[in-house]
Amino acid sequence: MHSADTRAVRGRFLDITQPVSQPENIASNIRYIEDGLLLCTAGKITWFGAWNDVNPELLEGITVTHYPDQLITPGFIDTHIHYPQTEMMGAYGEQLLNWLNQYTFPTEIKFKDQAYAHEIADFFVNELIKNGTTTALVFCTVHPESVDALFEVAETKNMRLIAGKVMMDRHAPEELCDTAISSYEESKQLIEKWHERGRALYAITPRFAPTSSHEQLHLAGQLKQEFPTVYVHTHLSENRDEIAWVKSLFPNHTGYLDVYHQYGLTGERSVFAHCVHLDEHEWQCMHDTDSAIAFCPTSNLFLGSGLFPLSKAWQHGVKVGLGTDVGAGTSFSQLQTLGEAYKVQQLQGQQLSAYEAFYHATLGGAKSLHLDHCLGNFNVGKEADFIVIDLKATPLQQLRQRRATNIEESLFALFTLGDDRNIVATYIHGENVYTA
Ligand code: GUN
Ligand code: ZN
């Protein structure tokens, strides 16, 4: 017997059965079911398998939603994105530090106004969902109101979102600066209000080392100690001028990552965006502390930051998720982001296989966020966040997909040519929240 909120979806399913330590091991963990069924109750997967293996009694009294021609995958996971920067995507002509001063800070000042923050948060969450992204790790602004606005909107969709207030007490306009103490107190209040409320999770969010005083970083570390299950989310080693600046501001540290490490901000729930220019010690520290990287290819190309060495992350056993990094990133679409990730590897003489790309956007992302026990594939017991993809959303894609002889080739064409037009439906916690 099923309760009234059981949902049943039939179609062609693709996922990855378990996390891997090497990319070569992904293919053997690909699970492709050409005609399958997924059941979920109260937002959790209760049954998953081949249609032919379904006992008819299982479906008594249940309406099955059938997507005969589509591909159903776990929802995409965006491990680094800024919701307040949605409106300033495509800001011309600058690299990181000037881009922040010229475009980003003036935009973020607007989020003091809660009504405005709400309007943009609403737009942002809809944009995520329409691109098939069901979980994201999100930067807000320095204003606590901006965090409330985002979590309030996400709550209406029952979305698993991780977010936090920016902590920033120097090297930014006065209107955007908090103080070490106020950032500690406001973050603490937000943690108490939002962390583990429904599906919401909180991230302590110092913007990056240059915009935090020693005292602020110290208090960020203290917060992490007081609330060990919250996340830490910041930027690291994105741009060469940024790295030189950190060295001059923190001369007593051995490097950029050492600043975060010494303040207790590394760890299994710490996510560092970019990590384009890490040195060997830093790779080792990322591994030893089980910290994760958000790889943000469109942003790294757009701001001219550099080419992320993905193979080094595998070599050092460091977790990697995919980040759009909107607004330095140029797309909300994880499909487009994977297309650029492939090119970033090509420029370094490396390949990114379709299966590996798919891993980073789903189960690998979940692992980076320390959420692979509840997200990232269709294992029974996991949360039912999934998407329905049309592989042939445009005439060009129809033509191209005719040449694909297996699912791996189809996926690769999807990552090269796809975008939000390919997302037919998005389900969050078992509910259909978007249909194209
Ligand atoms: N480093 C510090 N702040 C930012 C930001 O907003 N975007 C990016 N890409 N890098 C940063
Ligand atoms: Zn960023």
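The values are calculated or read from the model by the stated rules, or taken from the named source; none is laboratory data. What you see is a predicted model, and the numbers here were worked out from it, not measured in a lab. As a convention, Cβ positions derive from the backbone with ideal geometry for all residues, glycine included, and neighbour counts pool all protein chains shown.
Here are the numbers for this structure:
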item: Any hit, segment 147-166, residues being within 16 Å of ligand 1 (Cβ to nearest atom) and among the polar types (S, T, N, Q); result: no
item: Condition check for Phe302: in contact with a strand residue (DSSP E or B) (Cβ under 6 Å, 6 or more places away or on another chain) and hydrophobic (A, V, I, L, M, F, W, C); result: no
item: Unique match (being away from ligand 1 (no atom under 16 Å from the Cβ), in a strand (DSSP E or B) and buried (at least 21 other Cβ atoms within 10 Å of the Cβ)) among Thr79, Thr73; result: Thr73
item: Residue list for segment 80-105, filter: among the polar types (S, T, N, Q) and more than 22 Å from Asp122 (Cβ to Cβ); result: Gln95, Asn98, Asn101, Gln102
item: Restricting segment 274-321 to residues that are of a type in the set (Gly, Ala, Ser) and more than 15 Å from ligand 1 (Cβ to nearest atom), the residue that is nearest to the chain's Cα centre (by Cα); result: Gly321
item: Residue list for segment 356-373, restricted to those being farther than 23 Å from Leu301 by Cβ and outside any loop (DSSP other than H, G, I, E, B); result: Leu363, Ala366, Lys367
item: For Asp178: the one exception among (1) within 16 Å of ligand 1 (Cβ to nearest atom); (2) in contact (Cβ under 8 Å) with a residue 40 or more places away in the chain; (3) assigned to a loop (DSSP other than H, G, I, E, B); result: (2)
item: Search result, residues across segment 90-104 that are surrounded by fewer than 17 Cβ atoms within 10 Å (Cβ to Cβ) and either part of a helix (DSSP H, G or I) or in contact with a strand residue (DSSP E or B) (Cβ under 8 Å, 6 or more places away or on another chain) (or both); result: Leu97, Asn98, Asn101, Gln102
item: Qualifying position, being more than 25 Å from Ala366 (Cα to Cα) and of a type in the set (Val, Ile, Thr), among Thr179, Thr141, Thr229, Thr133; result: Thr179
item: Selection count where residues are within 14 Å of ligand 2 (Cβ to nearest atom), not in a helix (DSSP H, G or I) and not aromatic (Phe, Trp, Tyr), scope segment 204-213; result: 3
item: Which listed residue is closer than 27 Å to Tyr92 by Cα, away from ligand 2 (no atom under 16 Å from the Cβ) and among the charged types (D, E, K, R), from Lys367, Lys319, Lys343, Lys312; result: Lys343
item: Sole residue being modelled with pLDDT of 95 or more, within 16 Å of ligand 1 (Cβ to nearest atom), in a helix (DSSP H, G or I) and buried (at least 18 other Cβ atoms within 10 Å of the Cβ), chosen from Thr337, Thr324, Thr330; result: Thr337
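So that you can scan it fast, the table gives a plain yes or no per residue for (1) over 17 Å from the mean Cα position of the chain (by Cα); (2) over 19 Å from Trp314 (Cα atoms); (3) within 16 Å of ligand 2 (Cβ to nearest atom):
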residue	(1), (2), (3)
Val246	yes, yes, yes
Pro251	yes, yes, no
Val259	yes, yes, no
Gln262	yes, yes, no
Val271	no, no, yes
